[in-house]
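Undergrad: The structure follows.
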Amino acid sequence: MTEFGKLWAEIAPIGRADSGGYLRFALTEPELTLRDWFRAQASARDMTVTGDGNGNLFAWRGEPWAPGTVLTGSHFDSVPHGGGYDGPLGIVSAFLAADRVPRDRKIGIAAFVEEEGGRFGVPCLGSRLLTGFLKPDQAASLKDRDGVSFGEALGAEPAGALPQVAGLKAVVELHIEQGRALAAPVGVASAIWPHGRWRMDFTGVGDHAGTTRMDDRRDPMLTFAFAVLAANKEARLTGAHATVGRVHVEPNATNAIPSLVRGWLDARAADTATLDRVVDEIVRKSTERAARDGTALNVTAESVTGEVAFHEDLARRISGLLGDAPILPTGAGHDAGVLSAHVPTAMLFVRNPTGVSHSPAEHASDTDCEAGIEALARVLEDLT
């Protein structure tokens with residue numbers, strides 16, 4: 001078994017559901033177990049572990065936050081029933097890559113909290129707090145589906161931005177590629193598409209499914225269904241991506257017309273103008289349909305991230321170091337994208353043979369993961 005295979009086997013069972021996917025939500029038992037594993041790996045390497053008061057963990061070779069340090073790592077949390085590679089691959093690879101770099105080099109390894117937004121609804125929550133993009137009081141009040149706030153789960157109000165971030169020399173995050181664009185074992189990111197999440201509240205009149213005449217209904221489910229189809233159409237017409245993957249219905253009874261249908265729109269595009277146009281058109285058409293259905297629509301932008309262009313010179317340098325590795329954009333958001341506004345940042349992608357992600361079918365071969373570790377080690381050694 002490879003070095004990667006041995007270390008990967010230690011975390012593979014943690015948080016795995018009967019579906020084969022993972023339930024590793026931020027600050028829940030599986031993710032806390034992985035944090036203990038992180039501390040143990042750091043201790044075995046004589047690395048100092050610190051927190052930032054925002055839920056993020058760091059392991060340091062050298063003084064914590066020492067100027068000139070190169071930070072790598074990723075996140076442990078998953079989407080509901082997601083794959084095992086999205087996030088944890090970057091942390092396991094970081095420890096193994098650090099093993100291959102001279103011990104006098106200043107390296108930090110991060111485990112960011114709530115990257116997926118699967119529990120508290122805001123993606124890259126930890127890195128947004130760390131860089132000051134999100135205020136501590138805003139983050140503290142975010143609640144999960146059980147009504148538990150981020151502050152309660154954390155045990156304190158988040159600490160907020162740390163100015164030491166600006167002293168880092170670079171950030172390099174390794175991640176499984178989340179599409180089929182990468183043919184080589186390892187690639188380099190050029191940019192992240194602008195993307196966001198919008199909550200769409202469709203309200204109507206709840207009533208009896210068996211006694212309310214069809215002409216008398218004010219059914220928000222009909223408006224919601226129209227909005228889902230409108231999102232699909234607008235995305236296809238513009239080359240964007242639009243998804244409604246989460247729905248909440250009240251009263252959620254088989255024999256009742258709903259009074260509320262709440263859906264979350266995830267939209268992404270190659271540029272901000274296209275993204276704005278797609279979302280505006282979905283909202284416009286859905287609002288017009290609501291007027292015909294006798295329902296109402298309220299839209300709330302829960303998180304919106306503009307286009308991220310990674311450090312161009314750094315990407316070219318890394319590509320050349322890795323034998324002209326391909327450089328490609330991605331439609332997925334990452335903590336590296338948040339940090340890129342404050343420090344030179346790059347990403348390495350490991351090939352995903354099926355292109356499937358956020359699913360139990362997500363996979364990368366051990367051979368490609370080893371290639372990713374070796375690539376990350378070369379990058380860390382070169383940059384430090």
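The values are calculated or read from the model by the stated rules, or taken from the named source; none is laboratory data. Values in this document were obtained by computation on a predicted structure and should not be read as measured data. Don't worry about glycine lacking a Cβ; one is built from the backbone with ideal geometry, like all the others, and counts go over all protein chains shown. The area values use the complete protein model at the heavy-atom level, side chains included, leaving out ligands, DNA and RNA. Shrake-Rupley method; radii C 1.70, N 1.55, O 1.52, S 1.80 Å.
Undergrad: Taking every pair of alpha-carbon atoms in segment 108-224, what share in percent sits in each 5 Å bin, from 0 to the bin with the longest distance?
TA: All Cα pairs, binned at 5 Å, distribute as 2, 8, 13, 14, 12, 12, 10, 9, 7, 5, 4, 2, 1, 0 percent.
Undergrad: Another question about this same structure. Students often forget the sequence filter, so: which lysines lie under 20 Å Cα-Cα from Lys233 once same-chain residues fewer than 8 apart are removed?
TA: Lys285
Undergrad: Can you tell me the relative contact order of segment 1-67? Whole percent, Cα pairs under 8 Å, sequence separation 6 or more. Walk me through the numbers on the way to the answer.
TA: Numbers: 44 pairs, mean separation 11.5, N = 67.
17 percent.
Undergrad: Separate question: Rank these by accessible area, largest first, 1.4 Å probe: Met200, Met214, Met221, Met1.
TA: Met1, Met214, Met221, Met200
Undergrad: Within a Cβ distance under 12 Å of Glu302, other residues only, what is the Lys/Arg minus Asp/Glu net charge? Could you put the intermediate results ahead of the total?
TA: Working: positive: Arg197, Arg199, Arg246, Arg262; negative: Asp201, Asp266.
It works out to a net charge of +2.
Undergrad: Against the longest principal axis of the chain, how steep is helix 220-238, in degrees 0 to 90 to the nearest 10, with axes from Cα atoms?
TA: With rounding to tens, the tilt is 50 degrees.
Undergrad: Kindly write out, for segment 202-214 in residue order, the coupling ³J(HN,Hα) from the Karplus curve 6.51 cos²θ - 1.76 cosθ + 1.60 (θ = phi - 60°), rounded to whole Hz, with x marking Gly and Pro.
TA: The phi angles translate into 9, 10, x, 10, x, 7, 7, 6, x, 10, 8, 4, 4 Hz.
Undergrad: Before I look further, what does the chain give for accessible area per residue, probe 1.4 Å, in whole square angstrom?
TA: Roughly 42 Å² per residue, with all protein chains present.
Undergrad: How large is the Kirkwood hydrodynamic radius of segment 195-287, in angstrom, based on all distinct alpha carbon pairs?
TA: Details: mean 1/r = 0.0719 Å⁻¹.
For segment 195-287, inverting the mean 1/r across all distinct Cα pairs yields 13.9 Å.
Undergrad: Give or take rounding to whole Å, what are the principal axis extents of the alpha carbon atoms in segment 276-354, in descending order?
TA: Over segment 276-354, Cα extents along the principal axes are 61, 33, 18 Å.
Undergrad: Using a 1.4 Å probe over the heavy atoms of the protein chains, calculate the carbon and sulfur portion of the accessible area of the chain as a whole percent.
TA: 51 percent
Undergrad: OK, next. Which of the trypsin sites (Lys or Arg not before Pro) found in segment 178-224 are in a DSSP loop and have at most 16 neighbouring Cβ atoms, other than their own, within 10 Å?
TA: Arg180, Arg213
Undergrad: For helix 312-321, report the angle its Cα long axis makes with the longest principal axis of the Cα atoms of the chain; keep it between 0 and 90° and round to the nearest 10°.
TA: Rounded to the nearest ten degrees, it is 50.
Undergrad: Using Cα-Cα distances under 8 Å and only pairs 6 or more residues apart, what relative contact order does the chain have, in percent? Walk me through the intermediate numbers first.
TA: Values: 897 pairs, mean separation 86.3, N = 384.
So the answer I get is 22 percent.
Undergrad: Provide, as a two-decimal number, the C-alpha radius of gyration of segment 1-78 over 2.2 N^0.38 Å, N being how many residues it has.
TA: 1.21
Undergrad: Over all alpha-carbon pairs in segment 232-282, figure out the percentage whose distance exceeds 14 Å.
TA: More than 14 Å apart: 56 percent of the Cα pairs in segment 232-282.
Undergrad: Further, regarding this structure: If only Cα atoms are counted, what is the Rg of the chain, and what is its Dmax, in Å?
TA: Cα radius of gyration and Dmax of the chain are 22.0, 76 Å respectively.
Undergrad: Related question: Would you please calculate the Kirkwood hydrodynamic radius of segment 50-186 over all C-alpha pairs and express it in Å, rounded to one decimal?
TA: 15.8 Å
Undergrad: Straight-line reach from Lys106: which lysines have a Cα under 27 Å away, not including same-chain ones fewer than 8 places off?
TA: Filter leaves Lys6, Lys169.
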